[in-house]
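What follows is a set of notes on a single structure, which appears directly below.
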Amino acid sequence: MEIAGAVALVTGANRGLGRRFAAALLERGAAKVYAAARNPESIDLPGVVPLRLDVTDPASIRDAAAVTSDVTLLVNNAGSSTGASLLGGSLEDIRLEMDTHYFGTLAVTREFAPVLERNGGGAVLNVLSVLSWFTAPQVAAYSAAKSAAWSLTNALRLELAPQKTQVTALHVGYMDTDMAKHVEGPKVDPAVVAGLALDGVEEGRFEVLADDASRNVRAGLAGDLSGLYPALVS
Ligand SMILES: NC(=O)c1ccc[n+]([C@@H]2O[C@H](COP(=O)([O-])OP(=O)(O)OC[C@H]3O[C@@H](n4cnc5c(N)ncnc54)[C@H](OP(=O)(O)O)[C@@H]3O)[C@@H](O)[C@H]2O)c1
């Protein structure tokens with residue numbers, strides 16, 4: 001799909017990758033960019049239309065959809081990161097990850113699927129992670145939720161195909177945003193990632209692997225799991 005002339009809605013657009021998406025969409029000539037956030041007063045990007053949307057709140061999703069009937073590109077970007085492990089973390093945190101990444105993405109997409117259909121099909125871009133395919137105790141709840149969101153993305157691609165809505169998944173390792181501010185070591189620039197993901201949408205790609213971490217882990221899935229988790233056999 002062409003970004004120029006598209007009407008996009010980005011969740012979690014007030015900071016991090018979502019803000020870079022909103023800026024890149026404007027740069028590529030989107031006709032309108034709805035910058036959705038839990039707190040729309042925190043939107044500081046000129047040129048966008050601020051919108052209140054909490055992906056875990058069905059009423060707020062319905063209210064947002066009611067005033068955005070022209071959307072042709074939905075970017076499911078909003079994300080949480082509690083750092084909860086599955087045995088030591090609180091169930092509240094573990095549920096929050098599922099509520100945000102899985103049920104949130106699902107609820108927003110269900111609400112906007114008819115909107116996209118009425119507007120000719122359009123596209124959905126789901127922000128996933130290298131952690132859809134790899135896990136560790138300190139990111140276990142997040143990874144499980146991103147794995148669920150990966151499966152959801154593949155299923156929705158099939159379910160939305162008849163209405164000509166294309167679905168692109170973005171996988172990426174650590175990016176230089178608030179979410180990864182505790183991480184030392186190399187992080188990719190979220191502006192670069194937003195650009196690669198939008199290239200993928202424009203090319204109609206099923207998947208965008210935005211960095212080496214994603215490409216290596218994706219390739220590693222084809223081998224024995226000891227390749228991805230050497231500690232299990234050492
Ligand atoms: N950073 C990384 O290393 C990395 C790597 C791979 C994938 N990702 C994914 O990239 C996406 C963007 O993350 P980021 O790196 O930009 O993180 P970030 O800087 O922490 O931003 C997260 C965004 O999600 C919003 N959000 C959280 N819960 C929400 C909810 N219930 N409803 C609506 N918005 C909500 C936040 O809004 P508030 O300001 O209101 O909190 C914020 O705008 C996420 O899906 C994340 O999982 C990140």
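Which residue out of 148, 219 is of a type in the set (Gly, Ala, Ser), more than 22 Å from residue 80 (Cα to Cα) and assigned to a helix (DSSP H, G or I)?
Numbers: 148 fails: more than 22 Å from residue 80 (Cα to Cα).
Result: 219 is the single residue among 148, 219 that is of a type in the set (Gly, Ala, Ser), more than 22 Å from residue 80 (Cα to Cα) and assigned to a helix (DSSP H, G or I).
Looking only at segment 202-234, how many residues end up being among the β-branched types (Val, Ile, Thr) and open to solvent by less than 40 Å² (accessible area, probe 1.4 Å)? Steps first, please.
As a first pass, look at segment 202-234 and keep what is among the β-branched types (Val, Ile, Thr): 208, 217, 233.
Those left that are additionally open to solvent by less than 40 Å² (accessible area, probe 1.4 Å): 208, 217.
The number of residues fulfilling the criteria is 2.
Number of residues in segment 15-42 that are buried (at least 22 other Cβ atoms within 10 Å of the Cβ) and closer than 18 Å to residue 61 by Cα: the value is 6. Residue count for segment 52-81, restricted to those that are more than 9 Å from the ligand (Cβ to nearest atom) and either in a loop (DSSP other than H, G, I, E, B) or within 20 Å of residue 201 (Cβ to Cβ) (or both): 9. When residues in segment 173-190 are screened for being more than 14 Å from the chain's Cα centre (by Cα) and not in a loop (DSSP other than H, G, I, E, B), 3 of them pass.
Restricting attention to segment 1-14, report how many residues are open to solvent by 10 Å² or more (accessible area, probe 1.4 Å), near the ligand (Cβ under 7 Å from one of its atoms) and in contact with a strand residue (DSSP E or B) (Cβ under 6 Å, 6 or more places away or on another chain). Give the steps one after another, and end with the answer.
Within segment 1-14, the subset open to solvent by 10 Å² or more (accessible area, probe 1.4 Å) is 1-2, 4-5, 7, 12, 14.
Next, only the ones that are near the ligand (Cβ under 7 Å from one of its atoms) stay: 12, 14.
Okay, now just the ones that are also in contact with a strand residue (DSSP E or B) (Cβ under 6 Å, 6 or more places away or on another chain), so 14.
Going through segment 1-14 one residue at a time, the tally reaches 1.
For the subset of segment 176-201 comprising residues that are β-branched (Val, Ile, Thr) and within 10 Å of the ligand (Cβ to nearest atom), which member is surrounded by the fewest Cβ atoms within 10 Å (Cβ to Cβ)?
So the first thing to find is which residues in segment 176-201 are β-branched (Val, Ile, Thr), and the list is 177, 183, 188, 192-193, 201.
Then drop every residue that is not within 10 Å of the ligand (Cβ to nearest atom), which leaves 177, 183, 188, 193.
Values: 177: 20, 183: 12, 188: 20, 193: 24.
My answer is 183.
Going residue by residue through segment 39-50, is there one that turns out to be within 13 Å of the ligand (Cβ to nearest atom), under 15 Å from the mean Cα position of the chain (by Cα), more than 24 Å from residue 202 (Cα to Cα) and not in a helix (DSSP H, G or I)? No, there is no match, as no residue in segment 39-50 is within 13 Å of the ligand (Cβ to nearest atom), under 15 Å from the mean Cα position of the chain (by Cα), more than 24 Å from residue 202 (Cα to Cα) and not in a helix (DSSP H, G or I). Could you tell me whether residue 146 is under 25 Å from residue 67 (Cβ atoms) and modelled with pLDDT of 95 or more? Spelling it out, it is not the case that residue 146 is under 25 Å from residue 67 (Cβ atoms) and modelled with pLDDT of 95 or more. Restricting attention to segment 82-103, the residues that are part of a helix (DSSP H, G or I) and hydroxyl-bearing (Ser, Thr, Tyr) total 2.
Checking every residue in segment 161-172 against the condition of being part of a helix (DSSP H, G or I), in contact (Cβ under 8 Å) with a residue 40 or more places away in the chain and crowded, with 20+ Cβ neighbours inside 10 Å gives zero matches.
Residue count for segment 97-120 satisfying the condition of being out of contact with any helix residue (DSSP H, G or I) (no Cβ under 8 Å at 6 or more places or on another chain) and not basic (Lys, Arg): 6.
The values are calculated or read from the model by the stated rules, or taken from the named source; none is laboratory data. Bear in mind the structure is a predicted one, so any value in this text is a computation, not a measurement. Every residue, glycine as well, gets a Cβ built from its backbone with ideal geometry; the counts of neighbours run over all protein chains shown. Accessible surface is based on the protein model in full, side chains and every heavy atom, while ligands, DNA and RNA are left aside. Shrake-Rupley method; radii C 1.70, N 1.55, O 1.52, S 1.80 Å.
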